[in-house]
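In what follows, a single structure is set out as structure tokens and then discussed.
The values are calculated or read from the model by the stated rules, or taken from the named source; none is laboratory data. If you're wondering where the values come from, they're calculated on a predicted model, not measured in any experiment. Heads up, the Cβs are rebuilt from the backbone with ideal geometry, glycines too, and the neighbour counts pull from every protein chain shown.
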């Protein structure tokens, strides 16, 4: 019996070491031809790929062709104007380039002092947001080093002050909604509302006009208040559930203890 | 005559219910020193009933189609009154039942209750444990979330390591080359009807074996005497023992209450315990979320596959281990049941638990 | 429970009554959710309904209003035909704007474009704008 067992084990081990290792078939999204080529290039031709990786565009499935055009599946037509390829935009072409998607921001930017100064070399999207390594807009993009490249910090500082409070409130609500969604509560609608309010708020900044920003902040704050109320209602619901759940748990524990005590009464009778 | 007595008389005259009561409940005598671990059987049975009941309730609103499944589960959780409660009870219950099954199995191993001509009870119990695991696996896919889809992809990849028939097996399991709507269809049929029918039949057989052979005596204490096995069938009697009803039924009831309280505690105080973020995103066959892992009760298998250089060795090791456990009563033929007098067994037992826990933790962090 | 000097039988009776009481409470705690779960869902809230004067919706233009606390829009694509849609973009939740010259809805956040019936024309939105039930009663448009 033992010898048979050892023989089988030996045979099995030999066979399994000789046989090939099958690959676990993992389904992954295919890379565009843009990335396949440019990832291996040097200098300014390859750097954008690394910069784009991990960016907010990358995380949301926005790739090279979404902005630059061209065919992402065909090497031959990847950079063909026939397939919409527009190449690298010039300084003054950048707002309309980004504005293909960011329609609202473009509108506000074009009306602003920055927009008016565009042809003269004024600030455009990439000036503050970078190209490729783009991140979700945050308040600290407005800072002394960045803004004083062209003018003094006075108005920018004031604007930042006005934005700070609302920005903090938006962040706190984002955190609360994130926490709720991790618990499994469906807050998709509320997260959508908050996103809409945040975008309205961010877009207004691009006018760089204090009165205009204040004008837009009002409705945003109202929306935030309404959201806060809705979140409070959800949390109150969850609190109620927890309360009644605790009651049920307590009842079960009491029942268990009572049953144990009843058992004890039987045990006493069982003893000879 | 009281109405209750009249009612009982009605059934007694037709079916002899008093005699059944006397034989199966009040007169069914168990050993006097049965310990708390003996209650786990009824705990597991109760938890299965909870799963079946909550499962039927979920069936009312669930739609087994890849386009609609996720949304139907969302409807249950967000819109149906108390839908969240029954969904959580079912999901958390699945995990608690595995805990209870493991404890039940461990106590049977420790007290060598598989000895003394109880091989069939052990075998049916072991198969039941595996069935429970497959029920968990098939159920996992049904919400059609990112977690469901990708955990099932990883799990159904495993048979692919088997030479020659591996790929065919995987396609058979999935109803295609990749996890798709056909996979959902067969997993749904298995989870809702196929496996529960087999499960119920086996539970019936398991309980029949337990009753027929008789409850084993706990192998502890000075009064313990090894049972003498004669060459014919014998039901292990416990004369002067303790009646099952009501004496041990209340003990079962107590432990069941505590297990249910434990389950509710998870539902209300740690609802995210078995729900990583990918459980709330609809399945996307083109995007694999990072760090997809099987549930905690499969981590040992997952990590074992990763340890060995070849998948077929990893799979083989697991099959050998499971076969060994299944056939344990045929391998451990000694009559000794007291743990203190079984040093080899005890060593393997402790090592086994440590290995299981260790490899599972490793699997969680790897 | 403190050490009872009662005989086991008496203590047991007392405990059984207590356990029975707890059992009734637990049955209620389980029964109520079960009943509510199985009960058919209540009919749509009549109070949700919004009434809009027909004259406010000129052919070719839209009228924005609030429906169930969210922005919505009603339009008259052809004379006598009214369509009500949720104005919440299905991409990430921004509010879409009607572009009169182009006869479509444009979302200012990521340029999602929807036709007058709510279907997606271009951009990131994954599905059409939600349609809201509309009935015409004389000069009043009832939404919801």
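Residues of region A:58-94 that are in contact with a helix residue (DSSP H, G or I) (Cβ under 6 Å, 6 or more places away or on another chain) and within 21 Å of residue A:128 (Cα to Cα): A:58, A:64, A:89, A:94.
A single member of C:102, C:127 is assigned to a loop (DSSP other than H, G, I, E, B), within 30 Å of residue B:58 (Cβ to Cβ) and within 14 Å of chain A (Cβ to nearest Cβ), and it is C:127. Against the criterion of being within 7 Å of another protein chain (Cβ to nearest Cβ) and in a helix (DSSP H, G or I), residue A:250 does not qualify. Being more than 30 Å from residue C:104 (Cα to Cα) and over 23 Å from the mean Cα position of the chain (by Cα) is true of residue C:28. Only one entry in B:294, B:231, B:243 is within 11 Å of another protein chain (Cβ to nearest Cβ) and either touching a strand residue (DSSP E or B) at 6+ places or on another chain (Cβ under 9 Å) or modelled with pLDDT under 90 (or both), namely B:243.
Within region A:118-142, the residues that satisfy the criterion of being free of Cβ contacts under 8 Å to residues at least 40 places away in the same chain and more than 19 Å from residue A:159 (Cα to Cα) are A:118, A:119, A:120, A:121, A:126. As a summary of the residue check, residue C:22 satisfies the conditions (1) more than 9 Å from chain A (Cβ to nearest Cβ); (2) modelled with pLDDT of 95 or more; (3) touching a helix residue (DSSP H, G or I) at 6+ places or on another chain (Cβ under 7 Å) except for the one numbered (1). Taken together, the criteria place residue B:325 among residues that are assigned to a helix (DSSP H, G or I), away from chain A (no Cβ under 11 Å), in contact (Cβ under 8 Å) with a residue 40 or more places away in the chain and surrounded by fewer than 17 Cβ atoms within 10 Å (Cβ to Cβ). The set of residues from region A:96-126 being buried (at least 16 other Cβ atoms within 10 Å of the Cβ) and away from chain C (no Cβ under 14 Å) comprises A:112, A:114, A:115, A:118, A:122, A:123, A:124, A:125, A:126.
Has region B:170-181 got at least one residue that is within 13 Å of another protein chain (Cβ to nearest Cβ), surrounded by 17 or more Cβ atoms within 10 Å (Cβ to Cβ), in contact with a helix residue (DSSP H, G or I) (Cβ under 7 Å, 6 or more places away or on another chain) and within 25 Å of residue B:72 (Cα to Cα)?
Yes, region B:170-181 contains at least one residue that is within 13 Å of another protein chain (Cβ to nearest Cβ), surrounded by 17 or more Cβ atoms within 10 Å (Cβ to Cβ), in contact with a helix residue (DSSP H, G or I) (Cβ under 7 Å, 6 or more places away or on another chain) and within 25 Å of residue B:72 (Cα to Cα).
Please go through region B:24-70 and give me each residue that is within 11 Å of another protein chain (Cβ to nearest Cβ), in contact (Cβ under 8 Å) with a residue 24 or more places away in the chain and in a helix (DSSP H, G or I), ordered by number. Across region B:24-70, the qualifying residues are B:36, B:39, B:50, B:54, B:57, B:58. Filtering region A:57-92 to residues that are outside any loop (DSSP other than H, G, I, E, B) and surrounded by 13 or more Cβ atoms within 10 Å (Cβ to Cβ) leaves A:57, A:58, A:64, A:65, A:66, A:67, A:68, A:83, A:91, A:92.
Residues in region C:93-125 that are within 15 Å of residue A:199 (Cβ to Cβ) and free of Cβ contacts under 8 Å to residues at least 12 places away in the same chain: C:93, C:97, C:106. For region B:74-98, filtering for residues that are under 24 Å from the mean Cα position of the chain (by Cα) and either in contact (Cβ under 8 Å) with a residue 12 or more places away in the chain or over 20 Å from residue A:244 (Cα atoms) (or both) leaves 14.
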